[in-house]
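Asker: Okay, here's the structure, questions in a sec.
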Amino acid sequence: MTSHLVSHFYPVILAGGVGSRLWPRSRRQSPKQFLDLTGSGRTLLQQACDRVAPLVPLDRVYVVTNAEYVDIVATQLPELPKSNIIGEPAARGSAAAIGLGAIHLQRRDPEAVMAILTADHLIRKADVLRQILAGAAELAQTGQLVTLGIEPGYAEIGYGYIEMGERLGVYNGQEARLVRAFREKPDRRTAEAFLAAGNYAWNSGMFVWRVDTIMAEFARHMPALHDALVHLEAELGGSGEAGAFATHWMPLDASITIDYGVMEKADRVAVFPADLGWDDIGSWAALLDVLPKDGDGNAVQAAFVQHDSRNVFAFSSDRLIATIGLQDMIVVDTPDAVLVMPASRAQDVKKLLDQLKAQGMTSYLD
């Protein structure tokens, strides 16, 4: 594919969040998007930027993150203009984060097509992603809200689903379909029914649309957010910016996602289903699933010796990990904390963090 996709295309990478289920490596001061979890030598944020670099000049790539992480982003992506790193003074949900990116682009280029990408996903087929983004940009020019769906390989209950309708056409060699509905995370039986039906995709949380289209949708479905964004845009970069955030951003509901706030209510929504080699690295078990393994199924990022151990994830930056008779286990060693658990209990890490907070041991969260 040729580089420099279209003159009005702008990738916007969402890089907020704390990745709490990947504790003790992911902490408040160094969340997972700023870590090299895969052993590639590049952090998840850097990999996200690498994926879109062939499409556009890097001065058209934006990152939306928490204000406290702006300097980390600037250090990890020194080629980005500092003005392209947008810091939220407080997290207010994905709809608000996307809106904040939208008003920056609207000020720069009223005809902007923005791609909403994430800094915490693993995508092995970056070339396919770029092909789909090119097709999605073309379709978005017609006023469609476009989402990227992941062809499901199994009946996953941890992801939302997209019910796909009739075919819309082929764009840059990639087929687009109408979206009939967004479905919440299903139970096992429902997930199996979705998989058997053949017209469902996992919801990846990646989107493409014109800036004026999404702003019109905010006005229609989230008027309070739209009003806040209009006031904020008028003050961006000026002496009144801090005051505008205090007045208009801070009171916003912190829980509204773009799916709930807009996508589930919108009329013209399309999806590109694709096999991107995609994984949402949301837990240690997910990382164990995707990393290369030795002959016993162990994924190792440490000096490691084992006897009769299988399907073990082991991480340590400076110590030997030695195991005997372990199976389906996670072992994560950091300078001040060690986590040991069955892989099947990976979702329970948040319960540990709740205990740390309750016991006043919050230094282990920073």
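Asker: Within segment 204-254, how many residues are under 22 Å from Pro273 (Cβ atoms) and either in contact with a Phe, Trp or Tyr (Cβ under 6 Å, 6 or more places away or on another chain) or of a type in the set (A, V, I, L, M, F, W, C) (or both)?
Answerer: Residues flagged as under 22 Å from Pro273 (Cβ atoms) and either in contact with a Phe, Trp or Tyr (Cβ under 6 Å, 6 or more places away or on another chain) or of a type in the set (A, V, I, L, M, F, W, C) (or both) within segment 204-254 amount to 5.
Asker: Residues of segment 194-203 being part of a helix (DSSP H, G or I) and not aliphatic (A, V, I, L, M), which ones?
Answerer: Applying the first criterion (part of a helix (DSSP H, G or I)) to segment 194-203 yields 194-197.
Result: Phe194, single match.
Asker: Then there is this: Which residues, counting only those in segment 237-261, are hydroxyl-bearing (Ser, Thr, Tyr) and surrounded by 13 or more Cβ atoms within 10 Å (Cβ to Cβ)?
Answerer: Initial filter on segment 237-261 (hydroxyl-bearing (Ser, Thr, Tyr)): 239, 247, 255, 257, 260.
Scanning segment 237-261 gives Thr247, Thr257, Tyr260.
Conditions tested, residue by residue: (1) surrounded by fewer than 17 Cβ atoms within 10 Å (Cβ to Cβ); (2) charged (D, E, K, R); (3) not in a helix (DSSP H, G or I).
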{"position": "Val170", "(1), (2), (3)": "yes, no, yes"}
{"position": "Ala181", "(1), (2), (3)": "yes, no, yes"}
{"position": "Glu192", "(1), (2), (3)": "yes, yes, no"}
{"position": "Gly205", "(1), (2), (3)": "no, no, yes"}
{"position": "Trp209", "(1), (2), (3)": "no, no, yes"}
{"position": "Glu217", "(1), (2), (3)": "no, yes, no"}
{"position": "Leu229", "(1), (2), (3)": "no, no, no"}
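Asker: Can you find, within segment 271-314, the residue that is surrounded by the fewest Cβ atoms within 10 Å (Cβ to Cβ) among those that are among the β-branched types (Val, Ile, Thr) and closer than 24 Å to Asp127 by Cα?
Answerer: To start, the set of residues in segment 271-314 that are among the β-branched types (Val, Ile, Thr) comprises 271, 281, 290, 300, 305, 312.
Applying the additional criterion that residues be closer than 24 Å to Asp127 by Cα yields 271, 281, 290.
Numbers: Val271: 28, Ile281: 22, Val290: 17.
Ranking the qualifying residues of segment 271-314, first place goes to Val290.
Asker: Could you check Val332 against (1) in contact with a Pro (Cβ under 7 Å, 6 or more places away or on another chain); (2) surrounded by fewer than 17 Cβ atoms within 10 Å (Cβ to Cβ); (3) β-branched (Val, Ile, Thr) and say which number it fails?
Answerer: Only one criterion in (1) in contact with a Pro (Cβ under 7 Å, 6 or more places away or on another chain); (2) surrounded by fewer than 17 Cβ atoms within 10 Å (Cβ to Cβ); (3) β-branched (Val, Ile, Thr) is unmet by Val332, namely (2).
Asker: What pairs can you find where one residue is in segment 331-347 and assigned by TED's automatic domain parsing to the domain that holds Phe304 and at positive phi, the other is crowded, with 16+ Cβ neighbours inside 10 Å and not aromatic (Phe, Trp, Tyr), and their Cβ atoms are less than 8 Å apart, with a gap of 6+ or different chains?
Answerer: none
Asker: Any residue in segment 258-269 that's touching a residue at least 40 places away in the same chain (Cβ under 8 Å): show its pairings with residues that are assigned to a loop (DSSP other than H, G, I, E, B) and of a type in the set (A, V, I, L, M) at Cβ separation under 9 Å, as long as the two are six or more apart or on different chains.
Answerer: Short answer, once both residue conditions are applied: Gly261/Met222; Val262/Met222.
The values are calculated or read from the model by the stated rules, or taken from the named source; none is laboratory data. Remember, predicted model here, so these are calculated numbers, not experimental data. Every residue, glycine among them, receives a Cβ derived from its backbone with ideal geometry; neighbour counts consider all protein chains shown.
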